[in-house]
Each structure stands twice: as structure tokens, then as C-alpha cells.
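First comes the structure, then the notes that go with it.
The values are calculated or read from the model by the stated rules, or taken from the named source; none is laboratory data. This one's a predicted model, so the numbers in the text were calculated from it and none came from an experiment. Please note: Cβ atoms are built from the backbone with ideal geometry, for glycine as well, and neighbour counts cover all protein chains shown.
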Amino acid sequence: MIFSNIKNIGRCIAISLVIGTTGCSKDYKNPNAAPEEEVFTSARGMTSVAIGLQRTYSFSRTSTVYNMVTANGFVTNELIILNTGNLPEAQLNTGGVTVDGTNTILANIWANANKIILDANRVIAASANLGDKGYASGLVGYVTIYKALALGSMSMYWEQVPDTVGTNVSFNDRMQGFNRAIASIDGALSAIAANPISPSFAGNIPAGTDILNTLHALKARYALFSGNYALALAAANAVDLTKRSTMAFDAVSINPMFETVTSTNNVLQPVDSTFGLPVALRPTTADKRVQFYTTINPTIAPRFRAAGFSAASTTPWPYYLPGEMTLIKAEALVRQANPDLANAVVEIDKIRTKRAAADPFGIGADETAYSGPVTAADLLTEIYSQRCIELFMSGLKLEDMRRFARPTTERKRNFFPYPFRERDNNSNTPKDPVF
């Protein structure tokens, strides 16, 4: 089991599992948890908090993984709803003004993000006092991954994000959220460069996380989203595309998409082989990524079912995909101050012609090379299509739709309303977006 190597520190883990029911002005203290002075003064205690970040982000139906895939998938037409009695999912499936501050899927993303940022900051600050600097840099790198993901989740889905975690905090433009994620990653990379991660650290966290590659990959993602194309290209080039980096699950702590979707067929499923794309952008019938992300039930509706990273109870969830990094390179090359369209096509063709055996996760289109016009506009359209297929059900499509200026008729929301739990406890909460 994932936590077998830390089974004696469960009391410390509890402090990192409690999610408040209010907004950013939260009090996360848990009277049943270990005293804070015990948790944040030892490597063992801080490790338990760090592992708790993965639990918050990726375990169960309340996790960020399930809620991001669901919120994004419904409003971008990747998913269909099977049971409208699931009211939060039904709201998102309908979209528009039906989605409001009562939506618990959005509230989970928001609360999880603030909880993760709070605990990550505590670990980062306290790790400076550890004698083993290599272990400390491992802690900083690991928790920074989740802090960056948390900042990214809020910045992708809301127009403005809290500038910190605390009481009645102020809000900033979401681009500052991406920049804060990048700054945090740079801090972690500097800590690791000064004191390489000690081998003992990897044995004390769940298996599967490649800390350095993940930090570079998330830096590339959020640099791209913030419009810093030179930085995005450099960060993507720093990622070893032959490696995997994943959040692991086991028989007790299982994959949340399998638990809620694949094993029940009572909540949601992929729309079909079109992936919810307009006719001109859909995967072809020969595109083998359709077979990776979906499976067919020939007798019981719906015909298309979730596969891919939702396939089994212990299927690991990727922090990023190597294909995402390749497509970041392609997009950055097109959008940079001096576009390099020829090399952008080279990167596009690495995705179009890739076979499953050449990908660490087994994702391969096995299609022909790009043969369309080599203009910036045409290549960006191709990159958007490839991102929607390669990164299906990743939670990233809504951000892509805005960045590529897709028609609003292709989505059901542009940004999400702020959770009532935030508005009720923070007078600085911005007005909700119109759409």
C-alpha cells in the first residue's frame, strides 16, 4: 500500500486531511490532530503533511482531480451526464447561469486549493530548520508541485484569485496566480540545485513522482498560460520526455475517476469518439488515441466509456503528459516574438505520427504528418485540436478554449462563479462573471 512506509505517523496525517467549510478566511485547525509544533518541527511530521497534499488533490470524489475533470469536461462538451440527480454535475452540464455559487464541485476545487497552498507554505517555511538539507529540498520540491497545481487550478477556472490564504484576503488577476506558481517552482528548483534531494526522501513519499521533471513541466504549462512563451519553451525543453511522473493509488486509496465514473456508470461518461470537438477538429477514425481514452460497451448505453487514466482502481494519474510538453513547444514556437513555423510543424508531427510504443503512457495517434497550410493561424488551430485529443479529460481544455479564442458557442461557461462559502466569509470576493 502507498502509505505502508509511514503507517506509524497517521496521527500527523490527520492535520493535512481536514478541509474547511468556509472560504479563504479559513481556520484549518483540527482538535484531534497532532499539535502543530510537533508536526512542523520534524522531517517525519512534515512528510505526513506533504503526503496529505496528494490525498487532498487526488483521492475520492471530493478531490481536485475528479472535480477539475468534471467541471472542465461538462462545460467544454467532453462529457455527458448519466444521472441528473447528481445536481452539481447537472448544473455544469447545463452551464450558463445554472452554475452558481452553490456548486459543490467548484467549492471543492476552491477549498482544496486553499488548503494545499496553506499546508505547502507551512512545510516550505519549516523545512529550512531541518538539519538534512537534502531531505528538506525533497520536501520543498514535493509540496511545491501541489502548491503550483493548486494555484493553477484556481487561475484556470476563475477570473481572479486570492493573493494569499487568510482572513478577508484580497484578490489579484488570475495571471498573477500563474506567475506565483512559477515563482514557487523557481524557489523549489533553486533549493534542489543547492542541495540535491536525498535518496531517503523518495522512500518516504508515494511512489511515482518525478519531482524535477514535474516542476519543469508545470513551469512550462503555467508559463504558456501566462503568455511567457520563451520561458515555456525553455521549461518544456528541460523535461525528460522518456519519463513518467504520476500520483499513485492502491486498493484502499483508489483512483477517483474509476471510483466515481468507470466502476458505476451512473454519473458521467465521455461524449463519444468526437471528444466534443467541431467536425473539422475531431480525431479521425484512425486516431488510436480514441482507443486509449475510451472503450466500447456494445450492449449497455452509453456506448462510449471512460478508459485511459480512469481504467482501473489503481491506474496512476499523471501530473503532466510528455505529449503536453511537445505541444507546448509547438505553440510557443508559433506564438513567440519571432515565430518559427517550420520547427513548430516538427513538434506537431511528433504528436501526429507518434505510436503508442514510443510514449511512456502508451498514448499514440499513429497518424500521418501534418499537410495543411503552414501559417500561424492554421498551425494554432492544429495545435488546439491535438491538445484536445492528446490531453482528453485532463481538466485543461477550458483554458485552451479561451487561449485559442474558440467561439463561446463551443462551451457552456467562460469562467466560474465564486463559491458561496468564499463570498459569505470574504467581503473582497469579486463579482461573478456574466458567462
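Give me the helices (runs of 4 or more DSSP H) completely within the stretch 184-263, filtered to those with at least 3 residues that are surrounded by fewer than 17 Cβ atoms within 10 Å (Cβ to Cβ), ordered by residue number.
Values: elements: 199-202, 211-225, 229-237.
In the stretch 184-263, 199-202, 229-237 are the helices (runs of 4 or more DSSP H) which contain 3 or more residues that are surrounded by fewer than 17 Cβ atoms within 10 Å (Cβ to Cβ).
What number goes with the only condition from (1) of a type in the set (Gly, Ala, Ser); (2) under 18 Å from TYR418 (Cα atoms); (3) assigned to a helix (DSSP H, G or I) that GLY101 does not pass? The number of the failed condition is (3).
Restrict the check to the stretch 117-125 and report whether at least one residue is buried (at least 19 other Cβ atoms within 10 Å of the Cβ) and of a type in the set (Asp, Glu). There is at least one residue in the stretch 117-125 that is buried (at least 19 other Cβ atoms within 10 Å of the Cβ) and of a type in the set (Asp, Glu). The C-beta contact set for the stretch 403-426 (first residue assigned to a loop (DSSP other than H, G, I, E, B), second residue of a type in the set (Ser, Thr, Tyr), distance under 6 angstrom, 6+ apart or interchain) comprises PHE404/TYR384; ARG411/THR76; PHE416/TYR157; TYR418/THR429; ASN425/THR22; ASN425/SER25; ASN426/SER25. Filtered by the rule that a residue be among the hydrophobic types (A, V, I, L, M, F, W, C) and outside any helix (DSSP H, G or I), the stretch 299-346 gives ILE300, ALA301, PHE304, ALA306, ALA307, ALA311, ALA312, TRP317, LEU321, ALA337. Please verify whether VAL140 is hydrophobic (A, V, I, L, M, F, W, C), part of a loop (DSSP other than H, G, I, E, B) and touching a residue at least 24 places away in the same chain (Cβ under 8 Å), treating the condition exactly as stated. Considered against the rule, which asks whether it is hydrophobic (A, V, I, L, M, F, W, C), part of a loop (DSSP other than H, G, I, E, B) and touching a residue at least 24 places away in the same chain (Cβ under 8 Å), VAL140 comes out as no.
In the stretch 96-111, how many are surrounded by fewer than 19 Cβ atoms within 10 Å (Cβ to Cβ), β-branched (Val, Ile, Thr) and touching a helix residue (DSSP H, G or I) at 6+ places or on another chain (Cβ under 9 Å)? Qualifying residue count for the region: 3. Remark: pairs (first residue in the stretch 348-376, among the charged types (D, E, K, R) and part of a loop (DSSP other than H, G, I, E, B); second residue loosely packed, with under 15 Cβ neighbours inside 10 Å and modelled with pLDDT of 95 or more; Cβ separation under 7 Å; 6+ apart in sequence or on different chains) = ASP366/ARG355; GLU367/THR284; GLU367/ALA286.
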